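One structure below.
The values are calculated or read from the model by the stated rules, or taken from the named source; none is laboratory data. All figures in this text were calculated on a predicted structure; none of them were measured in a lab. Cβ: placed from backbone, ideal geometry, glycine included. Neighbour counts: every protein chain shown.
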Amino acid sequence: MINDLLYVIPAGTSKDEVVELLKSHPEIKFVSLVGVDLAGNDTDEKIPMRVFLKDVDDFYTGSAVQTDGSSVVLTGIATLNNAKVDMPADPTVNWYIDYNFEHFDEETGKPIGTLRIPSYLIHDGLKVDSRALLAQSLQYVKDEIKTLFKKHPKVSGLEHIDGTDIEDVVFTAGTELEFWVKTPLEQAEVGELTASQVMQEQYWQRTRGTVRTALEQAIIVLDRYGLQAEMGHKEVGGIKSHIDEAGNLTHVCEQLEIDWRFADAVQAADNELLARIIVKEVFRANGLEVTFKAKPIIGVAGNGEHTHIGMAAKLKSGKTVNLFSPTDLKADFMSAVGYGAIMGLLKNYEVVNPFISSTNDSLNRLKPGFEAPVCIVTSLGHTPEIPSRNRTILAGLVRDVENPYATRFEVRACNPYTNTYVALSAIYLTVLDGIKAAVESGKTTKELLAELSKESGTESFYLEKDRAYRSEHDVFEDYTEDERNRLFGRPPATVWENLQGLTNYPGKKEVLTAGNIFRNELIDAFVAGALIRWKTELLHRIIPENLTIVRACKRLHDNHATDHDFYIWDKVSTLRNYLAKDSVEQKSVFTLIANAVESGDYDLASGLQVEMYDKVEELKALYTQYKKNII
């Protein structure tokens, strides 16, 4: 029965063919138009199939379904008094059928299916959604690259092609999905998780029981949808499960990763949405909870979603050429286009980062010591002949000297809730800026390598003088924090600090708005939505959660207490009051944050948020020390 189901309607399928397919699969009862707002949220509705088949033309044009745009994250665009948003279908990508294996059709005996149709969001005649932003950005970059090669048909490192022979430019992307799996309602001790991580007990270990079953099922289902899963494995985080009397695993708390094949950039972002749905549903069916949060457990490895980007040219001969790969893979790391691409991303990353890390959770993950990048720096490898991989940098070169098609960049800062559509838009637009600079400079690959590898304080034709951009070292171990900040820039600690990059670097922001695709109204809407979420979460989730931690720190010692107990408890008590207890003369940190947010002093609120994090971690460490001495 499972093999008889329709999982995919391929991109480009004609309208008549779509109708015939759906009529031949009566178990597909519903249609859902999937629009993606600027925060990365995807819409989901249940439209009866008879309505779709009756008004199919209107679904394609967008006149069949409208949504209330003020209820999704189109802040400042769709307002309460101008909220109508049309949702036309996008037939250029795959459409997927989402099956409910807990609800079966009585006539066919098959699970009820919902056809998920990727769609655009149109407000006042303009596309305002994340999918459209990516599609239009890629078209702009494609046109600019083709024009660039017509002006400069011979580019260093691409001597094997003539730029005037380029017929099309293709953008590929792929994401690696990390997630934590646990038994519902059960919590693991952070200390135990940290110890397991330090001792490397979990990474690439064998999966067992329900976790193994769910992982295998998820990979199989991904293949049914044509995503071509490439690997599923345990990640660095987790602890060993327990076995109950019935032989079932309990106290599950593990970190996993699933990878699937790259695709066209828009399709890749659509595939990611599908993959998250599949993983959650498959693991839930096996009695396990899944979280894609970037940092679900403070002090333990978070979830990344390393995002790979590539660029290829289709020639008039029909041949496809990787534009990042050099003519001689053993003589050069990259072509001039590749060097320009990574330079563009790194130079302008301050205006890319807001779209990659726009939540408190995302920035909690980006801390030194957890293999999560905090520095704007790349690694190419030690020599062109022998590829290597540096896991401490922001964006690294991935290559295979035997396979020119494998050359790409891995951006390591993304997480599973990064809006991949918007992030890829920002990445490719800044990549274009660097490619133009590199190609138009006429520099050779050796000269561009020297530019990228320059020391801080060295003049550059494109990169900033007082920054360094390449390191083959462990940037966490081989540099002090001050050295990292001086060489690679100080990383933002809060959402507010990160969003300020769009204000503090107007020249770099112009790179994003070139071509008027990533319009200022879209940037402003994204920022406004991110600020609302930052303030709301800070006041109504983070502070209450930290207050719970403060209140849980109870006095435990009695008449048998030692001077050490009194000394540590005094420190704990002082910190508790500083964080959460107001007096007439002095307000607590929690109150000061709330007041700063209320008054619109976001600089102060941001600084206090950092202080709050530091003090809460100090409190937790002190209280752990205090408890251990109580016997």
Self-check item: Subset tally (residues that are in contact with a helix residue (DSSP H, G or I) (Cβ under 7 Å, 6 or more places away or on another chain) and of a type outside the set (A, V, I, L, M)) for segment 355-394
Solution: 7
Quiz item: What is the number of the single condition among (1) assigned to a strand (DSSP E or B); (2) over 25 Å from the mean Cα position of the chain (by Cα); (3) crowded, with 17+ Cβ neighbours inside 10 Å that Glu144 does not meet?
Solution: (1)
Quiz prompt | Of the criteria (1) at pLDDT below 95; (2) in contact with a helix residue (DSSP H, G or I) (Cβ under 8 Å, 6 or more places away or on another chain), which one Glu440 fails | solution = (1)
Quiz item: So which residues in segment 71-109 are hydrophobic (A, V, I, L, M, F, W, C) and within 28 Å of Ser14 (Cα to Cα), if there are any at all?
Solution: Val85, Met87, Ala89, Val93, Trp95, Ile97
Practice problem: Only one of these is under 23 Å from Val279 (Cα atoms), in contact (Cβ under 8 Å) with a residue 40 or more places away in the chain and of a type outside the set (Ser, Thr, Tyr): Val93, Val85. Name it. | Solution: Val93
Quiz item: Taking interchain pairs and intrachain pairs at least six residues apart, which have beta carbon atoms under 6 angstrom, with the first residue in segment 487-502 and within 10 Å of Asn353 (Cβ to Cβ) and the second among the charged types (D, E, K, R)?
Solution: Gly501/Glu350; Leu502/Lys509
Practice problem: Take Leu53 and decide whether it is touching a Lys or Arg at 6+ places or on another chain (Cβ under 8 Å) and either part of a strand (DSSP E or B) or in contact (Cβ under 8 Å) with a residue 24 or more places away in the chain (or both). | Solution: yes
Quiz prompt | strands (runs of 3 or more DSSP E) contained entirely in segment 56-140, each with at least 1 residues that are among the hydrophobic types (A, V, I, L, M, F, W, C), in contact with a Ser or Thr (Cβ under 9 Å, 6 or more places away or on another chain) and modelled with pLDDT of 95 or more | solution = 95-104, 111-118
Exercise. Run down Asn353, Asn360, Asn364 and say which single residue is at negative phi and modelled with pLDDT of 95 or more.
Key: Asn353
Self-check item: Hits in segment 464-478 (condition: surrounded by 20 or more Cβ atoms within 10 Å (Cβ to Cβ) and under 19 Å from Lys367 (Cβ atoms))
Solution: Ser471, Val475
Quiz item: Within segment 560-570, is even one residue loosely packed, with under 15 Cβ neighbours inside 10 Å, in contact with a Ser or Thr (Cβ under 9 Å, 6 or more places away or on another chain) and within 30 Å of Lys628 (Cβ to Cβ)?
Solution: no
Quiz item: Among the residues of segment 437-455 satisfying the criterion of being assigned to a helix (DSSP H, G or I) and under 17 Å from Ser325 (Cα atoms), which is nearest to the chain's Cα centre (by Cα)?
Solution: Leu452
Exercise. Scan segment 419-445 and report the pairs whose first residue is outside the structural domain of Asn353 (by TED's automatic domain parsing) and more than 18 Å from Lys151 (Cβ to Cβ) and whose second residue is of a type outside the set (A, V, I, L, M) and modelled with pLDDT of 95 or more, with Cβ atoms within less than 7 Å and a gap of 6+ or a chain change.
Key: none
